[in-house]
Amino acid sequence: MELKRHFLQSEEWEGFQRELRKEVWRRSGEEWEFMAVREKTAIGDYLYVPYGPSFVDEESAREAFRELKKLAGEAGAFFVRVEPVKGVSAGVLREMGFRKIKEVNPEFTWCVDLAGTEEEILMGMKQNNRNLWRGYERKGLKVRKSTGVEDLKYLTTLLRGVAKNNGVNLHDEEYLRKQMEAGIGVLYLAEFAGEVVAASMVYDLEGVRYYAHAAADFEHRKLSAGTVLVVEMMMDAKRSGMREFDFYGVTVSEDPGHDWYGFTKFKKGFGGSLREYLGTWDLPINRVKYAGFKRLRAVNRAVRKIRARR
């Protein structure tokens, strides 16, 4: 069985973590692999394996977890945090001492299979979405692809506008700049009358394109440039021989008031299907420290809620 990794377990993402001056380890066996990052807290350090470890079955999963626990001891970590994508059951995780916590990376994602023809992919979308893409040039929109760090300013400017209008916190410009400098981010820009009105960043790995960051200018919302960019990125991925477009994160909640309800509805408009991961799990190594960490997190959350009400 082929060992498939998520982008957050790739050598490219490992290089980016090192650019952030984080300590990183990579371990592997015949049918398993993981990249672990040291994360620091006020109580001590822990090892985080985002969307990993990667393995082919439960036997190789156990091997990976044993190696991870051993590494935690060597690194002085008081717990390890994992997010297996596939290949193991929740029962095995609990049996090995893991505890499920609130997701860090999304537990659900939305994926579009790019194996069909371009027309078949288009027919899986909402009619309005494919019509917008087919006619965007007549509206005066232009789309271009860029790997130049100098073009990052368009995305970050638009992201700041989104953050201001919606009251959300987003990654700062330096974080995204380091991604571009590490060669892992690809930009797509939509231009109208010489002005960038929408921008997106994607990651590519082993035949999968991941939809990472996106923003559009509110003043030009009637152009639906964000929709055009998504379809163009999917079609470009198809032409490049990729097999899948991963929208990265959605909610399964049907509550219109849910924070993710709106962009989940947007992502579903391009066809595709839901994919469920196992979520985020912690394995305490030092139980006393881990208990203190959980208490500290609870206090911090309560303080943030109080401040948010002011």
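Values as computed for the structure displayed
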{"read-out": "In sequence order, calculated HN-Hα J values of region 36-46 (Karplus, 6.51, -1.76, 1.60; Hz; x Gly/Pro)", "value": "10, 10, 6, 10, 9, 10, 5, 8, x, 9, 9"}
{"read-out": "Under 16 Å from LYS102, Cα to Cα: aspartates and glutamates that are on another chain or at least 8 residues apart", "value": "GLU83, ASP259, GLU276, ASP282"}
{"read-out": "Whole-number percent relative contact order across the chain, with pairs defined as alpha carbons under 8 Å at least 6 apart", "value": "24 percent"}
{"read-out": "Listed residues SER89, THR280, ALA291: farthest to the positive end of the dipole of the chain (Cβ charges)", "value": "ALA291"}
{"read-out": "With every protein chain in place, the chain: carbon and sulfur % of accessible area (1.4 Å)", "value": "47 percent"}
{"read-out": "Computed [θ] at 222 nm, deg cm²/dmol, the chain (DSSP H ≥ 4; -39,500 (n - 2.57); rounded to nearest 500)", "value": "-11500 deg cm²/dmol"}
{"read-out": "List ARG177, ARG5, ordered by accessible area with a 1.4 Å probe, largest first", "value": "ARG177, ARG5"}
{"read-out": "Spatially close lysines, pair count over region 145-288: Cα under 19 Å, gap of eight or more or interchain", "value": "9"}
{"read-out": "Tilt relative to the chain, helix 152-166 - C-alpha long axis, 0 to 90 degrees, to 10", "value": "80 degrees"}
{"read-out": "Three-way shape call for the chain based on the alpha-carbon gyration tensor, with the a/c threshold at 1.5", "value": "prolate"}
{"read-out": "R0 of 45 Å, Cβ-Cβ distance LYS145-VAL299: FRET efficiency to nearest 0.05", "value": "0.45"}
{"read-out": "Surface accessible to a 1.4 Å probe, per residue, for the residues of the chain, Å²", "value": "52 Å²"}
{"read-out": "Placed amide H near ALA198: partners under 5 Å, 5+ positions off or other chain", "value": "ALA190, ASP217"}
{"read-out": "Candidate lysines for bridging to LYS86, where Cα separation is under 16 Å - those fewer than 8 sequence places away on the same chain excluded", "value": "LYS4, LYS100"}
{"read-out": "In degrees, nearest ten, helix 58-75 long axis to first principal axis of the chain (Cα)", "value": "70 degrees"}
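The values are calculated or read from the model by the stated rules, or taken from the named source; none is laboratory data. As the structure is a prediction and not an experimental result, all values here were calculated from the model. No Cβ is skipped: glycine too gets one built from the backbone with ideal geometry, and neighbour counts run over all protein chains shown. The protein model used for the area step is the full one, side chains on, heavy atoms only, and it has no ligands, DNA or RNA in it. Shrake-Rupley method; radii C 1.70, N 1.55, O 1.52, S 1.80 Å.
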